[in-house]
Amino acid sequence: MSFLVIEALRKTFGQHAVVEHFDLAAERGEFVSFLGPSGCGKTTTLRMVAGFETPTAGRIRIDGRDVTGLRPNQRNVGMVFQSYALFPNMTVAQNVAFGLKVAGRSAAEIGPRVDEMLKLIKLPHLAERYPYQLSGGQQQRVALARAIAIKPQILLLDEPLSALDAKIRISLREEIKAVQRTLGITTIYVTHDQEEALSMSDRIVVMNEGKAEQIGTPFEIYNYPRTRFVASFVGTLNLLPGKVIDAAAGRIAIDGREVVSSRGLAGAQPGEIRTVALRPEAVTLNDPRADGNRMEGTIEDVAFLGSVVRIRVRFGESSISLDTFNNPSVQPPERGQAVTVCFAHADLQVLQDAA
Amino acid sequence: MKTSKIGPWIAFTLGALYFIIPLIATFEFSLRLKRGEYSFEAYRIVLGDPRFQATFGYSTLLALATIVIGVLLVVPTAYWIQLRLPKLRPVVEFITLLPLVIPAIVLVFGYLKMYNSSSLLPLTSSPWSTNLLLTFGYVTLALPYMYRAVDTGLRAIDVRTLTEAAESLGAKWPTILFKVILPNVRSALLSGAFLTFAIVIGEFTMAALLDRPAFGPYLQLIGANRAYEPSALAIIAFFVTWACMGLIQVFGRGARGASPETR
């Protein structure tokens, strides 16, 4: 049996269901991210695991024990909040020691554990500082140390990096991942930042309107999105309407131009309109060696983004964006130039949703 | 563009004079007990009066009791309103403001009617129980100030998240309230406590009608029968109030820590 099991979880506020039909089985030591836009129910689901919200229906089991009806202080979960939530009246060391004192541990046990935690977050020199004397990044590291000091069964992080600036965010997410890997603690991480989720997680749960749209590894979620929502939410994507010609052969027409998808068109009927997804980095321009789909079009826009040049090519009613690496010795193409875009059969994904 | 500061300074000076001139006049009058010279004779008489010491001691004791009961009543109430029952906030605020619109004399007549010696709860039947009734009355009178102070303090910290953080670390309600919440609203509590103290020390109506030996009725008695001593007492009362305000500042500034939101 999995370490954390969430079964048929549902939460309603009045008539409005914020989470429904939510199932998840996370293994011991796994890092799972809940990814989705604001209001998709990811924080509510996390809060139900923490015990701050009571599910309307469904069960939550941690290591085989049903914790659905238990209070937060009976669950042995560590929580890190977006707003740090350090106790302002206590020093860094007192904050980290708080959970251990509450658990009735002896001073001889608390002191070394606090030292160990402060070393882990690389802040042993700030033990006697108060939270208001620390930067946001330091406060969040202390909050992490405080949460894991009690050796929780599960670590829950609710958008812990959202309040920090970009540079700190990147360094801190690497630290959080390193700490998680060192301790081997099962972790649920809530974020709306796809880069965070993709870079840190063993698995991602993409959530939309209270439901898990897709659960998979970052590789699966990014490369094989199952729905239009997942495809559009994770990474940049070309979404085009396609008319199915021959489902068995994977033939589909985009704006009258026939292309082939080797991933198949499960259950599609000829003439049906389906959404076709294509990553910008999977498309090349005027590549004579390319084998696969080719479409003639005209360059509509060229955006120089530094290391990458993003080009939009128009075909009648549709357009495709593609990324090429910047080459200092080659000028980017001009607007209005006639070009051929090329992409492999395997890179063309036909989604389950209608366009 | 540089704005002229003359206008604000004139307004400030007029305001200051409005408050300071009567005070200086009172102080000057209190020094004129001996003919032809300034002296602190009125203060010596007042401070040496056993009734002053007895009534001031009595009112101080009742003020401390009022503060303790007020804190025990208001802090958990304001905390729960903030945390679990925010919709009830307007109702509770309305209730806490009632003592400002219902005169103390109405309250005390209500008490006398409700708790007289032939009622079900005869709180006026003995001095001890009357002291208790007076303390409850003071708690009611101080409620608007105590509740506002504590509520403002609670709003300045993220009560919900701090509570949840403590809960996730295994803490139960008493630990959360006394180790996490109370220390972080310390300066607000002190504000409420000192305001309560100042109100109780000068309160007349309830103490007089319940016939208790408090400082307020003593002030009135001296004022009705003596010339210079009431002025000395007024200055002493001002000094006590100012001392309270000063203590609020000292302890408020000394409160350690601040939430990220209040930095």
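The values are calculated or read from the model by the stated rules, or taken from the named source; none is laboratory data. All values reported here derive from a predicted model rather than from experimental measurement. Don't worry about glycine lacking a Cβ; one is built from the backbone with ideal geometry, like all the others, and counts go over all protein chains shown. Note: areas computed on protein heavy atoms with side chains; ligands, DNA, RNA excluded. Shrake-Rupley method; radii C 1.70, N 1.55, O 1.52, S 1.80 Å.
One residue stands out among those in the range B:152-194 that are crowded, with 23+ Cβ neighbours inside 10 Å and away from every other protein chain (no Cβ under 14 Å): the one that is nearest to B:VAL68 (Cα to Cα), which is B:ALA193. With a requirement of 1 or more residues that are more than 14 Å from every other protein chain (Cβ to nearest Cβ), the strands (runs of 3 or more DSSP E) lying completely within the range A:1-105 that satisfy it span A:4-13, A:16-26, A:31-35, A:57-62. When each of A:LYS167, A:LYS151 is tested for being closer than 17 Å to A:VAL80 by Cα and not in a strand (DSSP E or B), the lone residue that passes is A:LYS151. Evaluated against (1) without any contact (Cβ under 8 Å) to a residue 12 or more places away in the chain; (2) not assigned by TED's automatic domain parsing to the domain that holds A:ARG28, A:PRO241 falls short on exactly one condition, (1). Note on the range B:41-146: enclosed helices (runs of 4 or more DSSP H) holding 1 or more residues that are closer than 30 Å to B:PHE29 by Cβ and open to solvent by 60 Å² or more (accessible area, probe 1.4 Å) are B:41-48, B:50-83, B:104-114.
Taken residue by residue, the range A:337-345 has at least one member that is open to solvent by less than 70 Å² (accessible area, probe 1.4 Å) and aromatic (Phe, Trp, Tyr). Condition first: hydrophobic (A, V, I, L, M, F, W, C) and open to solvent by 50 Å² or more (accessible area, probe 1.4 Å). Now tell me which residues in the range A:307-336 satisfy that. Result: A:PHE325, A:VAL330. For the range A:298-306, state whether one or more residues are under 23 Å from A:THR275 (Cα atoms), at pLDDT 85 or above, assigned by TED's automatic domain parsing to the domain that holds A:ILE273 and open to solvent by less than 50 Å² (accessible area, probe 1.4 Å). Yes, the range A:298-306 contains at least one residue that is under 23 Å from A:THR275 (Cα atoms), at pLDDT 85 or above, assigned by TED's automatic domain parsing to the domain that holds A:ILE273 and open to solvent by less than 50 Å² (accessible area, probe 1.4 Å). Can you spot a residue in the range B:140-147 that is more than 11 Å from chain A (Cβ to nearest Cβ) and within 18 Å of A:ASN89 (Cβ to Cβ)? No, there is no match, as no residue in the range B:140-147 is more than 11 Å from chain A (Cβ to nearest Cβ) and within 18 Å of A:ASN89 (Cβ to Cβ).
Pairs are defined by a Cβ separation below 6 Å, a sequence spacing of at least 6 or placement on different chains, a first member in the range A:178-191 that is within 16 Å of A:ALA26 (Cα to Cα), and a second member that is in a strand (DSSP E or B) and open to solvent by 10 Å² or more (accessible area, probe 1.4 Å); the pairs so defined are A:VAL190/A:ASP158. The set of residues from the range B:195-212 being within 19 Å of B:PHE238 (Cα to Cα) and either within 14 Å of chain A (Cβ to nearest Cβ) or open to solvent by 50 Å² or more (accessible area, probe 1.4 Å) (or both) comprises B:LEU195, B:PHE204.
Identify all residues within the range A:224-238 that are open to solvent by 50 Å² or more (accessible area, probe 1.4 Å) and without any contact (Cβ under 8 Å) to a residue 60 or more places away in the chain; write none if there are none. Answer for the range A:224-238, where residues must be open to solvent by 50 Å² or more (accessible area, probe 1.4 Å) and without any contact (Cβ under 8 Å) to a residue 60 or more places away in the chain: just A:SER232. Can you find even one residue in the range A:130-140 that is within 29 Å of A:PHE3 (Cβ to Cβ) and either open to solvent by less than 50 Å² (accessible area, probe 1.4 Å) or in a helix (DSSP H, G or I) (or both)? Yes, the conditions are met somewhere in the range A:130-140.
If we scan the range B:4-27, do we find a residue that is within 29 Å of B:ILE222 (Cα to Cα) and of a type in the set (Lys, Arg)? So far as the range B:4-27 goes, no, none of its residues is within 29 Å of B:ILE222 (Cα to Cα) and of a type in the set (Lys, Arg). Which of the residues spanning the range A:29-74 are out of contact with any strand residue (DSSP E or B) (no Cβ under 7 Å at 6 or more places or on another chain) and either open to solvent by less than 10 Å² (accessible area, probe 1.4 Å) or not assigned by TED's automatic domain parsing to the domain that holds A:GLN15 (or both)? The one that is out of contact with any strand residue (DSSP E or B) (no Cβ under 7 Å at 6 or more places or on another chain) and either open to solvent by less than 10 Å² (accessible area, probe 1.4 Å) or not assigned by TED's automatic domain parsing to the domain that holds A:GLN15 (or both): A:PRO72.
Go through (1) part of a loop (DSSP other than H, G, I, E, B); (2) more than 14 Å from chain A (Cβ to nearest Cβ) and name the single condition B:TYR218 misses. So the condition that B:TYR218 fails would be (1). For B:PHE27, the requirement of being in contact with a helix residue (DSSP H, G or I) (Cβ under 7 Å, 6 or more places away or on another chain) and among the aromatic types (Phe, Trp, Tyr) is met. Answer yes or no as to whether A:ARG314 is part of a strand (DSSP E or B) and in contact (Cβ under 8 Å) with a residue 60 or more places away in the chain. So A:ARG314 does not fit the description; no.
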